[in-house]
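I have placed the structure first, in the form of structure tokens, so that the comments after it can refer back to it.
Only the coordinates and a few stated rules stand behind these numbers; no lab work does. Just so it is clear, the structure is predicted and the values come from calculations on it, not from any experiment. Using ideal geometry, Cβ is built from the backbone for each residue, glycine included, and neighbour counts are taken over all protein chains shown.
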Amino acid sequence: MIKKKLIVNAKKIDKFLINFLKNQTHSLLVRPMKYGVISGGKKIRSTIILDAGKMFNISEKKLINICAAVECIHSYSLIHDDLPCMDNDLIRRGKPSTHIKFGEASAVLAGSSLLTLAFEIIADKKYIISSNAKNEIVRNLASCSGHTGIAGGQELDLKFENKKKVLNEIIGMQKKKTGKLFNFCLYAVGVIANKNKKEKFFLSTLGEDIGLLFQLADDFLDNKGSKKLMGKPVKKDNKKGKSTLLSLMGEKKAYLYAFNLKKKILRKLQKHGKKAVNLINTIEFILERKF
């Protein structure tokens, strides 16, 4: 059921992005951009957005631009993370990494172009939400994507390699590297739903917890997952000396931490009752996923 939902949602986002880019084919970077963002990955962040939208009766039409922007940001971060100067990964989503396929310079430029495309998608005049909502969404996305978010988290991830770090340092790094974009996913839904400051804060912190749970699941899969199912090499973290909760506390304690985090997330969603069923199902999938 959840796998089907992910596939259906991913196809919707891919279709939107293909349509959005169809008039921009004069750029040589469109091919590596499409290669990095379309027809690959679970696009689980988009599913989180759409699931959260159901809690507030928001139509998909009002959320599709947010979904596409998030996938552009996520794909930009992966293209750059895979570069030789960073994690130097050759395979991504079951195919050669963007820099292997198109060259390092083109990968850098395609990643940067996906980053800026995300803001173009939100600012698009055809996207009918209020100007104030657009401004707030753009401001929050910038905060979650740059040095206070994904980019800052990746910097910490690289700096923490082969160093002993304590629990709070690792959690802080992972909340930036992965959690901040999930934070944005739920925050943006709160903005479109016209929620107050307190509720938007609740949603953003909930999103950050979901992102941390996703990262923990990723770490477990790197340790014991299947290369074929993952579409990328496994057991990389240990080889590179990555600082993870798994390396800090061992498999059993790390899984218990993740399980308790999942329970905390589900408790927070109780107030939304049946409207949160879709999001609850996705969260259950996150920790137990095999890919």
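Within segment 163-200, find all residues whose amide N lies under 14 Å from a label point positioned 7 Å from the Cα of residue 260 along Cα-to-beta-carbon. Flagged as within label range: 167-168.
The shape of segment 2-288 comes out oblate: with a ≥ b ≥ c from the C-alpha gyration tensor, a/c is at least 1.5 while a/b does not beat b/c. Would you please state which residues of segment 71-110 a label at residue 30 would reach in this model, taking the label point 7 Å out along Cα→Cβ and a backbone N cut-off of under 17 Å? Under cut-off, by backbone N: 110. Other residues with beta-carbon under 12 Å from the beta-carbon of residue 266 carry, at +1 per Lys or Arg and -1 per Asp or Glu, a net charge of +4.
Working out 0.36 nm times the residue gap between residue 100 and residue 61, then minus their Cα-Cα distance, what length gain in nm do you get to one decimal?
On the way: separation 39, 0.36 × 39 = 14.04 nm, distance 3.55 nm.
This chain segment gains 10.5 nm when fully extended.
When you restrict to C-alpha pairs under 8 Å that are six or more residues apart and normalise by the size of the chain, the relative contact order lands at 19 percent.
Determine, for 131, 226, the number of other Cβ atoms within 10 Å of each Cβ, and report the residues in order from fewest to most. Please list the in-between numbers first.
Numbers: 131 8, 226 11.
Placing the least packed residue first, the sequence is 131, 226.
Using only the Cα atoms of segment 147-191, build the gyration tensor, take square roots of its eigenvalues as a ≥ b ≥ c, and label the shape rounded, prolate or oblate: rounded if a/c is under 1.5, else prolate if a/b is larger than b/c, else oblate. Judged from the Cα gyration tensor, segment 147-191 comes out prolate (a/c at least 1.5, a/b above b/c).
Under a Cβ-only charge scheme (Lys and Arg +1, Asp and Glu -1), can you give me the dipole magnitude of segment 2-288 about the Cα centre, in debye to the nearest 20?
Values: 54 positive and 26 negative charges, 182 e Å.
Here the size comes out at about 880 debye.
Close amide H contacts of residue 146 (hydrogens built in the peptide plane, cut-off under 5 Å, sequence separation of 5 or more or a different chain): 151.
Could you please rank 85, 67, placing first whichever residue has the fewest other Cβ atoms within 10 Å of its Cβ? Intermediate values should be presented prior to the final figure.
Details: 85 10, 67 27.
Final ranking by Cβ density, sparse to dense: 85, 67.
Summarising the amide proton neighbourhood of residue 91: residues at separation of 5 or more, or on other chains, whose placed amide H is nearer than 5 Å comprise 97. In order along segment 132-141, the Karplus-derived 3J(HN,Hα) couplings, from 6.51 cos²θ - 1.76 cosθ + 1.60 at θ = phi - 60°, round to 4, 5, 4, 4, 5, 5, 4, 4, 5, 5 Hz, and Gly and Pro are given as x.
Can you give the calculated 222 nm mean residue ellipticity of the chain, where each DSSP H run of n ≥ 4 adds -39,500 (n - 2.57) and the sum is split over every residue, rounded to the nearest 500 deg cm²/dmol?
-22500 deg cm²/dmol
If you plug the beta carbon distance of residue 161 and residue 201 into 1/(1 + (r/R0)^6) with R0 = 25 Å, you get a FRET efficiency near 0.15. Footprinting exposure proxy ranking of 70, 8, 138, fewest other C-beta atoms within 10 angstrom first, gives 8, 138, 70. In order along segment 44-55, the Karplus-derived 3J(HN,Hα) couplings, from 6.51 cos²θ - 1.76 cosθ + 1.60 at θ = phi - 60°, round to 5, 5, 5, 5, 4, 4, 5, 5, 5, x, 5, 5 Hz, and Gly and Pro are given as x. Take the chain and mark each of the trypsin sites (Lys or Arg not before Pro) that is in a DSSP loop with at most 16 other Cβ atoms within 10 Å; the longest unmarked stretch, sites excluded, is 1-124. Straight-line cross-link reach from residue 232 at under 14 Å between alpha-carbon atoms covers these aspartates and glutamates, not counting any fewer than eight positions away in the same chain: 81, 82, 87, 89, 218, 219, 222.
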